[in-house]
Amino acid sequence: MEPEAEIIRAQLFTLRDEAYRTFHSALMPTVPPETVIGVRVPALRRLAKQLAGTAQAEVFLQALPHGYYEENNLHAFLIELIRDYDRALAETEAFLPYINNWATCDCFCPKVFAKHKTELLVPIRRWLDSGEAYTVRYGMEMLMRYYLDDAFRPEYLEWVADVRSTEYYINMMRAWYFATALAKQPDAALPWLTEKRLDLWTHNKTIQKAMESRRIPPGMKQLLRGLRSHS
């Protein structure tokens, strides 16, 4: 490790919360517990803001792969703070292959992406086609975050539905995406359930997540109850 990266690792260990480490490790079965330091997210975000734009941060961003879960999350939060779109995209694409859990995957999105929605569709398609579990999941997450409001187009539902995988964390994101689409774009999303266009698992998991959502109105939930399928 470069000395700068070693210093950052030492900083992370000073922020360790053992009880939080035990609790959080249990939520991430794909992450070896010995690679979790136990640093809470607000503390990681504060450290990212302190480091952003420094030479130390630049060295850290090049120090892939990292050894600890929190190093990956700090890396993600540093990318979030990059203000140049091309640089933020390049750093995101360099980092995605090293993500090994849902929590790191879901925790970050460069703020500058919101200003470049048209351009971002190109890498999103690439991520969806990558075959890498957390890269695919990240592509779906970006579609859910930025393209279910004013930038929505019905074909984006097809992009997500066309992903075929046996990977649990991809399929959970597919269901989460469609449940969110039911809340934000019900006219476009509901036919995917009423016409049973999704595979059985995603169909039922979408309904489950929609039923748990406060954004779905009671009338929609009543309809969804009748759409649960066993075949």
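The values are calculated or read from the model by the stated rules, or taken from the named source; none is laboratory data. Worth saying up front: this structure is predicted, and the values here are computed from it rather than measured. Note that each Cβ is placed from the backbone with ideal geometry, even for glycine, and that neighbours are counted across all protein chains shown. These area figures cover heavy atoms from the full protein model, side chains too; ligands, DNA and RNA do not enter into them. Shrake-Rupley method; radii C 1.70, N 1.55, O 1.52, S 1.80 Å.
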Take the solvent-accessible surface of the protein heavy atoms, probe 1.4 Å, and return the percent of it on the chain that carbon and sulfur atoms account for. 52
Pairs of alpha-carbon atoms within less than 8 angstrom and 6+ residues apart define the contacts here; what relative contact order does the chain have, in percent? 12
Surface per residue (accessible, 1.4 Å probe) for the chain, Å²: 50
Based on alpha-carbon atoms only, what is the radius of gyration of segment 45-108 relative to the globular estimate 2.2 N^0.38 Å? 1.00
Computed from the mean reciprocal separation of all distinct C-alpha pairs, what Kirkwood hydrodynamic radius does segment 164-231 have, in Å? 11.8
Which lysines have a Cα lying under 27 Å from the Cα of Lys49, excluding residues fewer than 8 positions away in the same chain? Lys111, Lys115, Lys117
Computed over the chain, Cα set: Rg, Dmax in Å: 19.1, 60
The chain - mean residue ellipticity at 222 nm from DSSP helices (-39,500 (n - 2.57) per run, n ≥ 4, rounded to 500): -19000 deg cm²/dmol
May I ask you to give the average projected area over all directions of the convex hull of the Cα atoms of segment 37-160, in nm² rounded to one decimal? 7.6
Ordering of 75-87, 22-34 by packing [mean C-beta count within 10 Å, highest first]: 75-87, 22-34
Looking at the P(r) of segment 106-231, how many percent of alpha-carbon pairs lie beyond 26 Å? 18
Relative packing of 211-222, 173-184, which averages over residues the other C-beta atoms within 10 Å, highest first: 173-184, 211-222
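Kirkwood hydrodynamic radius, computed over distinct alpha-carbon pairs, for segment 125-167: how many Å, to one decimal?
On the way: mean 1/r = 0.0948 Å⁻¹.
The Cα-based Kirkwood calculation yields 10.6 Å.
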